[in-house]
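I have placed the structure first, in the form of structure tokens, so that the comments after it can refer back to it.
The values are calculated or read from the model by the stated rules, or taken from the named source; none is laboratory data. The model shown is predicted, which means the values in this text are computed figures rather than measured ones. Cβ: placed from backbone, ideal geometry, glycine included. Neighbour counts: every protein chain shown.
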Amino acid sequence: MRNRLPLAIVFLFGVFGILPFFIPHPIVQNLDNEFRNYHLRIIYAFSLVLGVGSIIRHHWEKIRRKKEHWEYSYVLLASLAVTAVIGLLGGIEGKGPLPTSIGRLRFDIQTIYISIAVPLGATMFSLLAFFMASASYRAFKARNFEATLLLIAAFIVMLGSMPPVARLLPKLPFISEWILTVPNTAAKRGIGFGITLGVLATSLKIILGIERSWLGGTK
């Protein structure tokens, strides 16, 4: 009974999620939209609890064991607590019960996001640009035929994006665009088909009860 009830629920909701694609009746479509809204809210709620709990447990364990850079875990936990209080009591734009401004100084969630999260994200991506350039240099080495094709295609695309080179070689941007439009799109579609087939196979295994690892075991 411990496993049968979750398996039955997954089977019923899995079948009901498939039916709207084959039954265009308004009742079925409306019920599907309602269930999707409730599913998303439930998933968001559990994801929030699981994510916050995992972050707190991980960094608390890091502090307790004095692991490398454990001091920064205090900063993260304090930022998490302050942001949670402001978000819960101050609202998104400072319209909650908690006052979120002192004179011209605002500290609601939207201001925190624009003033802190966005600059930090831009800094992280700017650092990743150097890492990607280094990784590309290591990856684009003509070790075999496939790597040579990748190197040539990347070289043409990069040159085609440079205005001075495009003026000297007017046809190069068209070749670069063709590489991005035709071979690149074909490869992306192939990868997409493979991912879709994998998702379908895994979904059917879960709905039919063949895959049971999500229950916490293999039995």
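Taken over the stretch 4-30, the criterion of being over 18 Å from residue 216 (Cα atoms) and either of a type in the set (Gly, Ala, Ser) or surrounded by 11 or more Cβ atoms within 10 Å (Cβ to Cβ) (or both) is satisfied by 12, 13, 14, 16, 17, 18, 19, 20, 23, 28, 29, 30. Considering only residues in the stretch 68-83 that are among the hydrophobic types (A, V, I, L, M, F, W, C) and without any contact (Cβ under 8 Å) to a residue 24 or more places away in the chain, the one that is farthest from residue 117 (Cα to Cα) turns out to be 70. Criterion applied to 131, 174, 125, 145 was being within 30 Å of residue 88 (Cα to Cα) and not assigned by TED's automatic domain parsing to the domain that holds residue 15, and the one residue passing it is 125. Does any residue of the stretch 77-90 turn out to be within 19 Å of residue 109 (Cα to Cα), part of a helix (DSSP H, G or I), in contact with an Asp or Glu (Cβ under 6 Å, 6 or more places away or on another chain) and not acidic (Asp, Glu)? Checking the stretch 77-90: at least one residue is within 19 Å of residue 109 (Cα to Cα), part of a helix (DSSP H, G or I), in contact with an Asp or Glu (Cβ under 6 Å, 6 or more places away or on another chain) and not acidic (Asp, Glu). Do we find a residue being modelled with pLDDT of 85 or more, outside the structural domain of residue 214 (by TED's automatic domain parsing), out of contact with any helix residue (DSSP H, G or I) (no Cβ under 6 Å at 6 or more places or on another chain) and not in a helix (DSSP H, G or I) anywhere in the stretch 33-42? No: zero hits. The helices (runs of 4 or more DSSP H) found wholly in the stretch 151-219 and carrying at least 1 residues that are touching a Pro at 6+ places or on another chain (Cβ under 8 Å) and surrounded by 12 or more Cβ atoms within 10 Å (Cβ to Cβ) occupy 163-168.
With respect to residue 192, is the statement that it is under 25 Å from the mean Cα position of the chain (by Cα), under 26 Å from residue 19 (Cα atoms) and without any contact (Cβ under 8 Å) to a residue 24 or more places away in the chain true? Spelling it out, residue 192 is indeed under 25 Å from the mean Cα position of the chain (by Cα), under 26 Å from residue 19 (Cα atoms) and without any contact (Cβ under 8 Å) to a residue 24 or more places away in the chain.
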